[in-house]
Structures are given as C-alpha cells and as structure tokens.
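See below for the structure under consideration.
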Amino acid sequence: MDGYEGLEGEKVLNLSRLNLDNLDLEHVGEERKRDTQQLLLVYNRFIMLPGSICHFSNLVFLDISCNRLAFICEDILRLSKLKTLVAKNNRLDEFSLPKDFGTMSLEVVNFSGNRFEEFPSEFLNLQKLQSLSLGANRLKTIPAEIEKLTSLELLYLGGNSITSIPPELANLPYLSYLVLCDNRIQSIPPQLAQMRSLRSLSLHNNLLTYLPREILSLFQLQELSLRGNPLVVRFVKDMTYDPPSLLELAGRTVKSRNLTYKPEDLPGNLVRYLDLASKCPNPKCGGVYFDSCVRHIKFVDFCGKYRLPLMHYLCSPECSSPCSSNPQSDADSEDESRVPAHRMQKVLLG
C-alpha cells in the first residue's frame, strides 16, 4: 500500500539518489511546486526532513526512505493534502515526530526499518489511518490504545521484539491484514476471534506452542502463517489442576442443574460471579467452570492437510480424552467436523 498509482509527468518530482542533504528549491518554479503531488527523496543524505517541503502545497505522496533521517520537522503539518508518508530505513525513533503529528490526515504510514523502541503515541491519533507499517524496529509492546485506529485495514509489525498481543486489537472493525511475524509472541488472545474482517494473519517465527480454539470463529480468514513456531507435534495435556474452591463447586451446581434464582435472592457479588460461568467445550460433559479448569491441547484439521493445536479449557481432568500417540486418532472430533475445507485457503506451517 506504499505505492501511489495514477501520477505521471509533472505531478511526480523524483529527486532520489542525488546525494542531497538539503532541499534547495531555487530552480523549481512555483507552478512546478504547486502541481507536484508525488515527491521522491529516496537514497539521499537527509538528517532532518527539510522545512522547504511545505512549498509543495498539493503533495499527496512523500517517500523519504533510505536516508539518515532522525527528525521530522513541524513544517510537514502544513501538508494538509498528504495521504501517504513513507520513511523506511532511517534513524527515526519515538522522539523524532512533531507533537501535533496526529492531527494530519494520513492514510498510509510506513516507518519500517527505524529505531522505534516504543509505539509512537502520535500515531494513535491518526483517525484516517488505513495502513501502518512499523516492521523491523525495536518495539516490545503494542499499546492497548491501538483500538483508537478504527479505520486501520493493514497493520505490519513484523521483525520486532513484541512478546504479547493486546486483546484490544479485536476492536479494529476493518483490520484485514495483520502481520506479527518474527517476534517473541507466546500466545494469541482468544478475543482475536472477534475480528470479523481479518483475512490474513502472519504469525511465523514466533514462540507459539498452541492456538486458542476461538480461532475457528475467524470466518473470513484465508491465510494463516505459522511456520517457525514450536507448535506441538502430538496431542499433549497439561494436567496441572487446582481443585475448585467451595465457592466454585457451589456455583457449578447452581449452573449445571439450572437452579433458578433472582438477583434479590443473592448478594450482588455472587450474582456477578455466577454470570462468569464458562461452559465446558466437551460436548459429552455439559458442565461449567469458573476459575478452576484444565488446559487441554487438541489438534483440529482446518483443510484436510494440516492439523493445528488449539487450546481447550475443560472443567475437570475427567473431561480430557486419553492422550494418544497417534495424532490422527481424534480426527472425528466435533470441532473438526464443523470446519469446512474452504475455511482456510492457506495454512503455512513449513
């Protein structure tokens, strides 16, 4: 989404590979400045985005990649028509942006290959942003406030040091392409199943050992990349199990036996506790659990060729089927029978 098509001739000014360290516009006429919509300053020696950039009042696309850029001056705020800003492979960090950068009307931002250690807070105010690329930086976290970018369709954060995914990502209604490859992510929040627009999810080269079973709800997902993860290769069970408390045992009895009660019958904290009951996914059980559960990893066949490990939470060890040495032995599981072959067109494991 970095390219800007349809511009030619006088609308494009290409000043790339000229060894420039400043932008001298003495020989650029006023009409040329006014007509330029695409400006290319790639492979020069700029340390700071030159203030003279503001003379291109109708600029729509700016690419200043592969320089030595460490600062972006406030003059960029005067480019009211700018939609795409590409500044890959520079020296930018979270202190490089003007304070009011978030007031711009940018739709595409690509700052991959820079030195950001924290997610730039200014980006969180770009209300029209549709594509954001911050790959190959030094990010360790994704802020929960990313949910403010409600127009976002593509998020590229590959090649960082991110260890977790905030559940708030699920609140981005139009996000279709999510790239989190080459990080240190160990688990996927089940809330991502709410991302109804997600079509491509890249998670290769992380530290994943299982996927949440809720991933089956991603009906629009067409491509899932998982290669390079320590995904388990056979059925395994984590039998560490804390016995349920008396409160949980009582709550399970109320819920599993459908005992009726009214809010005025119980203290408010007990009513709220009973509302938190989770149904055991074992179709032969029908029980519920609250805080005490057994983690159970189970393989599910998405497309007849690949079997992916999904995490289940069961109400007790008795709900876990015996662990088999044959990964195919559970092939007739209820989850698998529900998944049509066309659900995932590409599952990349190798």
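For the residue pairs Lys140/Lys284; Lys148/Lys255; Lys11/Lys148; Lys81/Lys148; Lys128/Lys279, alpha carbon separations beyond 31 Å are given by Lys140/Lys284; Lys148/Lys255; Lys11/Lys148; Lys128/Lys279. Placing +1 on the Cβ of every Lys and Arg and -1 on the Cβ of every Asp and Glu, with no other charges, gives the stretch 117-254 a dipole of roughly 380 debye about its Cα centre. When each of the peptides 155-161, 113-119 is scored by how many other beta carbons lie within 10 Å of its residues on average, the order from highest to lowest is 155-161, 113-119. With contacts defined as alpha carbon pairs under 8 Å and 6 or more residues apart, what's the relative contact order of the stretch 1-143 in percent? Worked out over the stretch 1-143, it gives 18 percent.
So if I take the centroid of the Cα atoms in the stretch 105-146 and the same for the stretch 253-279, what is the distance between those two points in Å? Using only Cα atoms, the two centres lie 44 Å from each other.
When each of the peptides 197-204, 42-49 is scored by the mean number of other C-beta atoms lying within 10 Å of its residues, the order from highest to lowest reads 197-204, 42-49.
Does the stretch 79-199 come out rounded, prolate or oblate, given a ≥ b ≥ c as the square roots of the eigenvalues of its C-alpha gyration tensor, rounded meaning a/c under 1.5 and, failing that, prolate meaning a/b above b/c?
Values: a/c = 1.85, a/b = 1.24, b/c = 1.49.
Since a/c reaches 1.5 but b/c is at least a/b, the shape of the stretch 79-199 is classed as oblate.
Shape summary: the stretch 55-117 maps onto an equivalent ellipsoid whose semi-axes, from the alpha-carbon gyration tensor, are 19, 13, 10 Å in decreasing order.
The overall shape of the stretch 141-227, judged from the alpha-carbon gyration tensor, is rounded, with an a/c ratio under 1.5. For the stretch 60-73, 3J(HN,Hα) computed residue by residue from phi via the Karplus equation (6.51, -1.76, 1.60; θ = phi - 60°) reads 10, 10, 10, 10, 10, 5, 6, 10, 10, 4, 10, 9, 10, 6 Hz, glycine and proline entered as x.
Laboratory data are not the source of any read-out in this text; all were calculated from the coordinates shown. Quick caveat: nothing in here was measured; it's all calculated off a predicted structure. Cβ atoms come from the backbone with ideal geometry, glycine included; neighbour counts cover every protein chain shown.
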